1. Among the numbered conditions (1) modelled with pLDDT of 90 or more; (2) closer than 21 Å to residue 22 by Cβ; (3) touching a helix residue (DSSP H, G or I) at 6+ places or on another chain (Cβ under 8 Å), tell me where residue 151 comes up short.
2. Considering only residues that are part of a helix (DSSP H, G or I), closer than 18 Å to residue 136 by Cα and modelled with pLDDT under 85, which ones fall in segment 164-175?
3. Looking only at segment 171-190, filter to residues that are surrounded by 24 or more Cβ atoms within 10 Å (Cβ to Cβ) and within 11 Å of the chain's Cα centre (by Cα); which one of those is nearest to residue 37 (Cα to Cα)?
4. If I ask for residues that are closer than 20 Å to residue 52 by Cα and over 10 Å from the mean Cα position of the chain (by Cα), which ones from segment 151-163 would you list?
5. In segment 66-89, what residues are under 18 Å from the mean Cα position of the chain (by Cα) and not in a helix (DSSP H, G or I)?
6. Residues in segment 97-104: is at least one touching a residue at least 60 places away in the same chain (Cβ under 8 Å) and under 16 Å from residue 154 (Cβ atoms)?
7. Having 2 or more residues that are at pLDDT below 70 and farther than 13 Å from residue 32 by Cα is the bar; report the helices (runs of 4 or more DSSP H) wholly within segment 191-252 that clear it.
8. So which residues in segment 161-170 are touching a helix residue (DSSP H, G or I) at 6+ places or on another chain (Cβ under 9 Å) and either surrounded by fewer than 24 Cβ atoms within 10 Å (Cβ to Cβ) or farther than 10 Å from residue 25 by Cα (or both), if there are any at all?
């Protein structure tokens with residue numbers, strides 16, 4: 001696929017914004033994946049390129065949370081281990097589905113994800129203190145959400161944060177750090193699956209990865225410093241833009 005300069009002008013700023021938001025509250029894929037679609041990439045190629053660029057930013061944010069002691073390893077490690085096969089299977093499933101069907105799924109799934117974020121706002125703001133998730137439950141969370149990440153992706157970090165706050169009693173910052181580790185594992189597995197099928201554009205993914213890393217660095221730093229005050233409202237900043245972007249790409 002031939003890449004135009006306008007492709008980079010569309011993708012890179014939105015990927016930076018996606019990395020910034022994703023490192024704080026998850027859901028960055030709600031911006032980055034539509035960005036690739038808006039730039040004209042086919043659905044499968046958009047998903048693979050998105051994973052390739054996102055993995056670098058996620059790794060940087062994970063390192064930042066780890067250095068600040070904001071990852072609960074007992075919950076995050078089994079979830080991350082289970083997310084690896086889950087994401088690989090999800091990515092393989094997407095490659096078997098016709099592109100038009102994947103686009104239709106995206107059009108339905110993105111507003112559903114956004115609505116879920118809105119409806120579960122209180123669950124994220126009021127974690128169950130003192131509650132520890134069992135190892136098997138963490139592994140199940142990683143497997144299921146990892147498969148979703150490989151198949152679709154947007155909202156993965158948010159769903160992980162919801163699970164860790166609800167089942168693990170974590171505060172929002174620790175849930176975000178733990179979710180980053182799991183998301184990193186699922187991104188790596190999905191990226192490997194897409195790359196093995198040549199469903200990625202390194203010439204676009206690598207410049208976008210630099211933007212993702214910059215956004216993730218700034219966002220994770222802000223989240224650690226400001227905590228829930230900056231995390232809570234972040235979900236609702238770009239929802240209208242996301243709906244319009246995906247709808248335009250599908251019906252254009």
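1. (1)
2. 165, 166, 167, 168
3. The selected residue is 187.
4. Of everything in segment 151-163, just one residue is closer than 20 Å to residue 52 by Cα and over 10 Å from the mean Cα position of the chain (by Cα), namely 151.
5. Listed by number, the list holds a single entry, 71.
6. Step one: list which residues in segment 97-104 are touching a residue at least 60 places away in the same chain (Cβ under 8 Å), which gives 103-104.
Add one more test, that the residue is under 16 Å from residue 154 (Cβ atoms), and what stays is 103-104.
The answer is yes, given that some residue of segment 97-104 is touching a residue at least 60 places away in the same chain (Cβ under 8 Å) and under 16 Å from residue 154 (Cβ atoms).
7. Numbers: elements: 202-226, 228-234, 239-251.
So the answer is 228-234, 239-251.
8. Let us first name the residues in segment 161-170 that are touching a helix residue (DSSP H, G or I) at 6+ places or on another chain (Cβ under 9 Å), namely 161-168, 170.
Within segment 161-170, 162, 163, 164, 165, 166, 167, 168, 170 qualify.
The values are calculated or read from the model by the stated rules, or taken from the named source; none is laboratory data. These numbers were taken from a predicted model, which means no experiment stands behind them. Cβ atoms come from the backbone with ideal geometry, glycine included; neighbour counts cover every protein chain shown.
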